[in-house]
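In what follows, a structure is listed as structure tokens, so that the remarks can point back to it.
The values are calculated or read from the model by the stated rules, or taken from the named source; none is laboratory data. Because the structure is predicted, anything quoted here is derived from the model rather than measured. Here Cβ is always computed from backbone atoms with ideal geometry, including for glycine, and neighbour counts include all displayed protein chains.
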Amino acid sequence: MEQTDDIGGNGRIWSLLREFGEAVATLLVTFIGLLAVTFIISRVVPIDPVTALIGERATAQQIATARAELHLDDPMIVQFGRYVWGVLHGDFGTSIKTGRPVIEEIARFFPATLELSTLATILGVLIGVPAGVLAATKPGSIADQFVRLVGLMGYSMPVFWLGLIGLLVFYGTLGWVGGPGRLDAGYDMMMDFDVTQYTGMILLDTALNGRWDMFANALSHIILPAGLLGYLSMAYISRMTRSFMMNELGQEYITTARVKGMPERRVVWVHAMKNALVPLITVIALSYAFLLEGAVLTETIFSWPGLGRYITDALLVADMPAVMGGTIVVGAVYIGLNLVSDLLYKLADPRART
Amino acid sequence: MKFDPTFRRVGVAFLSGLLLTASPVALLAETPADTLVVADAIDDIVSLDPAEAYEFSGLDLNNNTYDGLIEIDPATLGMVPGLAESWSVADDGMTYTFKMRPGVTFSSGNPLRAEDAAWSLQRVIKLNKTPAFILGQFGWTPENVDKMVTADGDTLTLKTDKAYAPTFLYNCLTAGVAEILDKETVSQHDNAGDMGNAWLNENSAGTGAYVLKSYKPKEGYLLEARKGHWRGDAKIAKVLMRHTPEAATQRLQIEKGDVDVARTLTPVDIEGLTGNKDVTLQHDVGGQLFYLAFNQKNENYKNQKFLDAMRWAIDYQGVADTIMKGTAIVHQSFLPQGYLGALDDQPYKLDVEKAKALVAESGIKDPTVTLSVRNSADRMDLAQSIQNTFGQAGIKVELKVGEGAEQLKEYRARLHDATLQTWGPDYPDPNTNSSTFAENPDNSDEAKNTGYLAWRNTYDPGDMKAKSQAAVMERDPDKRKAMYEEIEKEHRSTSPFILMLQQARNTALRSNVKGFYTGGAIDSAAYWLATK
């Protein structure tokens, strides 16, 4: 017996190690693939980073010096190898445009995106899931039609237009929310000097510093862009929730539960929801990852210094270290959220725990 | 409709949360009284080191943190003494002596010395960043600059390799690249022989009215006024620049009073702000020119009758009024309004019949122009107007639309047929545009003189090149002015360039803001005179 147990224990350890090894290998292959594709694209786009950097009047000597400094004359494989080596050592390179370390810049831009996306996803889930459930429990009703209409509008209206209209109405006309940017001008100046920045997320940092006036101001600025992105997220989540719930509510176990006299609320929120939650986790994770990748247009309209705008601006001037640094972060976000949703699957679905 | 109680509870909690967060109590709305808040697109900044800064936004910032030997008065745009209180040129025309202004200090507290001025100018040449060519024009090289630029006590001596027009040197010394740095402070931050270049990207070390407190690329910067500036203290204590790329957003912010100045507005926004009593619109010109260029690899573009036909087939005033809507004025010569020798007359207007007759006289049958144009809305509208009026004159225009960077690459490689482009002067002297539009040192493909617009269009300007080179040596300012006027007249009637428009700037200011100067076509923004 003892021997058998030992073998069983070793087997489980080996199995775990194998799983871990596979995950690491997948992670590495995904990252290197991502880097390779981005790198190749960066070299085929018809934009010369040197011209973008040193202007039209640069002399041949200045162009040559800049190319040498940026190692642009080395073979592509050498440039790629140098970059990957740097990344493995925590060096994401220096932005061609700003001359600052990419890692520093991402550390400044990513928290702004993280803060906005997280709030947007919370809003999207808080509204989208109940709305989807409501629509699924009363198919064909006015509530269902309304949820579907609102969802469809979220899908079909251009975010750029929605953002501008939102600003015009809630900021310009009603004055209910703060304007573009993360803070009012007065607080913006204080942020760098009066507040210890632990996370780069203004809501969290101001709360940790006990600066509730700044917290309230930051909240008034984030609520509109987060609401807008939350609406788009809600449109997707509510439609998917409706679909998953309708599928579950048509199952025999639901009929059985109802026949047994179980309260409708319990049937819907406990029995049906528990099963609908499994695919819903993927939907929410994907929606969150999509927002974390950066909502470029929203960030532009709201002057939000986020990752999407950072990558897009960098791409337009062929600032490839910045583009690739941003791409790694986006890749890491997708992979990370995949792992989290896998974990949540196992929590939500006992069958996945084996 | 009956709602499940759970829905009701969730709904009430959520709505309460929303109302709480959307409470207007938290909004400050107006800008702080001691701070000028400016909204602009500043993502063009590459560096804040005066030896490297070459973009509009960086030059605007540096104009307020540094001073030069010679300055431009923001209100009159005339040349005035800066850190040099007086200067003279020797009879040989190659030796200039500048007497430094006494009692001036850097923001560090260090006194200004002629040695700082010499070191700053030498540093530009040794670092050899993009704008170094502005000073390199005087024969200064990394090898000889220590001998050409010297300091002795309170006197700075500059030697040039030829007897250039003194106004040429003086104008170049007003450029951002010639701003004076605190040698002692910058030298302490040398990193691997970069002469403080990296440090200056985040800090300032000048004598200017303001000190750079913080700079976050693509987000904004904060300037703080210093006490005891030699010109008198700045009238406003702080300047907060907020990077706001979207024009419609800038408009909303200026309407609400969340910013004091909005600098990147579109014609639609300007139209929308007209008549708003809380906002003042300030109009002036920038240095950028809109022009058509025709590559003379196509023989048609050597035909003067055909070139003339095209000059008469453009609705200059129409495009300025209906497409550019206040963001450009008609301007038909290569020196922008505000430059020495700039011609402000408008010899050409739309005359379809005349253009048709000239096409017939040119002998070119069914002429076709392939016009490269970048895919932005205003450029496309402009190109379509040209396509329309050229069409009326019997010239078919095929538009080749593409990304700006892609089109620039094609232009620099002489691969275009015709192109709609803009050009901004590099420094406040007429030679900046004369040398590129009217000079071409070598017209061969191998020469790759991409910095010369004449070369990019395979255009040999003939004796205009000699005239342009003579103008840069002319010591009498009036004669020099007349020389440029003559070159411009010849250029606009014979070259394969059609100058059409000059950028007009529309700055929106809250009505309480006074004394904000953009620098016009020849200088950068000045914040130190602004009040609110």
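State the number of residues belonging to region A:157-186 that are more than 7 Å from chain B (Cβ to nearest Cβ), in contact with a Pro (Cβ under 9 Å, 6 or more places away or on another chain) and surrounded by 15 or more Cβ atoms within 10 Å (Cβ to Cβ).
3
Within the set of pairs 6+ apart or on separate chains, which have a first residue in region B:387-399 that is within 13 Å of B:Ala355 (Cα to Cα) and outside the structural domain of B:Ala357 (by TED's automatic domain parsing), a second that is of a type in the set (A, V, I, L, M, F, W, C) and outside any strand (DSSP E or B), and C-beta atoms under 6 Å apart?
none
One line per residue, one yes/no per condition, for (1) modelled with pLDDT of 90 or more; (2) out of contact with any Cys (no Cβ under 6 Å at 6 or more places or on another chain); (3) within 14 Å of chain B (Cβ to nearest Cβ):
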{"position": "A:Thr256", "(1), (2), (3)": "yes, yes, no"}
{"position": "A:Glu264", "(1), (2), (3)": "no, yes, yes"}
{"position": "A:Trp269", "(1), (2), (3)": "no, yes, yes"}
{"position": "A:Lys274", "(1), (2), (3)": "no, yes, no"}
{"position": "A:Leu280", "(1), (2), (3)": "yes, yes, no"}
{"position": "A:Leu286", "(1), (2), (3)": "no, yes, no"}
{"position": "A:Phe302", "(1), (2), (3)": "yes, yes, yes"}
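Considering every residue within region A:217-231, establish whether at least one is more than 9 Å from chain B (Cβ to nearest Cβ), part of a helix (DSSP H, G or I) and either of a type in the set (Phe, Trp, Tyr) or without any contact (Cβ under 8 Å) to a residue 24 or more places away in the chain (or both).
yes
Condition first: at pLDDT 95 or above and among the charged types (D, E, K, R). Now tell me which residues in region B:490-532 satisfy that.
B:Glu490, B:Arg492, B:Arg510, B:Lys514
For region B:422-451, give me the residue count where each residue is assigned to a loop (DSSP other than H, G, I, E, B), more than 17 Å from the chain's Cα centre (by Cα) and over 20 Å from B:Leu340 (Cα atoms).
The total comes to 8.
I'd like to know if region B:239-250 contains one or more residues that are modelled with pLDDT of 95 or more, out of contact with any helix residue (DSSP H, G or I) (no Cβ under 8 Å at 6 or more places or on another chain) and within 14 Å of chain A (Cβ to nearest Cβ).
No, region B:239-250 contains no residue that is modelled with pLDDT of 95 or more, out of contact with any helix residue (DSSP H, G or I) (no Cβ under 8 Å at 6 or more places or on another chain) and within 14 Å of chain A (Cβ to nearest Cβ).
Find all pairs meeting these conditions: Cβ atoms under 9 angstrom apart; at least six residues apart or on different chains; first residue within region A:306-332 and within 23 Å of A:Arg182 (Cα to Cα); second residue modelled with pLDDT of 85 or more and among the basic types (Lys, Arg).
Sorted first by the residue in region A:306-332, then by its partner, the pairs are A:Arg309/B:Lys218; A:Tyr310/A:Arg108; A:Tyr310/B:Lys218; A:Asp313/B:Lys218.
Might you let me know whether region B:298-308 holds any residue that is in contact with a strand residue (DSSP E or B) (Cβ under 8 Å, 6 or more places away or on another chain) and closer than 30 Å to A:Ile311 by Cα?
Scanning region B:298-308 turns up no residue that is in contact with a strand residue (DSSP E or B) (Cβ under 8 Å, 6 or more places away or on another chain) and closer than 30 Å to A:Ile311 by Cα.
Criterion first (of a type in the set (Lys, Arg), assigned to a helix (DSSP H, G or I) and without any contact (Cβ under 8 Å) to a residue 24 or more places away in the chain) does A:Arg265 satisfy it? Give the steps one after another, and end with the answer.
Details: of a type in the set (Lys, Arg): yes; assigned to a helix (DSSP H, G or I): yes; without any contact (Cβ under 8 Å) to a residue 24 or more places away in the chain: yes.
Considered against the rule, which asks whether it is of a type in the set (Lys, Arg), assigned to a helix (DSSP H, G or I) and without any contact (Cβ under 8 Å) to a residue 24 or more places away in the chain, A:Arg265 comes out as yes.
Tell me, yes or no, whether region A:110-131 has at least one residue that is over 22 Å from the mean Cα position of the chain (by Cα), assigned by TED's automatic domain parsing to the domain that holds A:Thr298, within 30 Å of A:Val278 (Cβ to Cβ) and modelled with pLDDT of 80 or more.
Yes, region A:110-131 contains a residue that is over 22 Å from the mean Cα position of the chain (by Cα), assigned by TED's automatic domain parsing to the domain that holds A:Thr298, within 30 Å of A:Val278 (Cβ to Cβ) and modelled with pLDDT of 80 or more.
Considering region A:85-114 alone, what residues qualify as being over 11 Å from B:Lys218 (Cβ atoms) and without any contact (Cβ under 8 Å) to a residue 60 or more places away in the chain?
Across region A:85-114, the qualifying residues are A:Trp85, A:Gly86, A:Leu88, A:His89, A:Gly90, A:Asp91, A:Gly99, A:Pro101, A:Glu104.
Filter region B:271-319 for residues that are without any contact (Cβ under 8 Å) to a residue 60 or more places away in the chain and assigned to a loop (DSSP other than H, G, I, E, B) and give the result.
Passing the criteria: B:Thr274, B:Gly275, B:Asn276.
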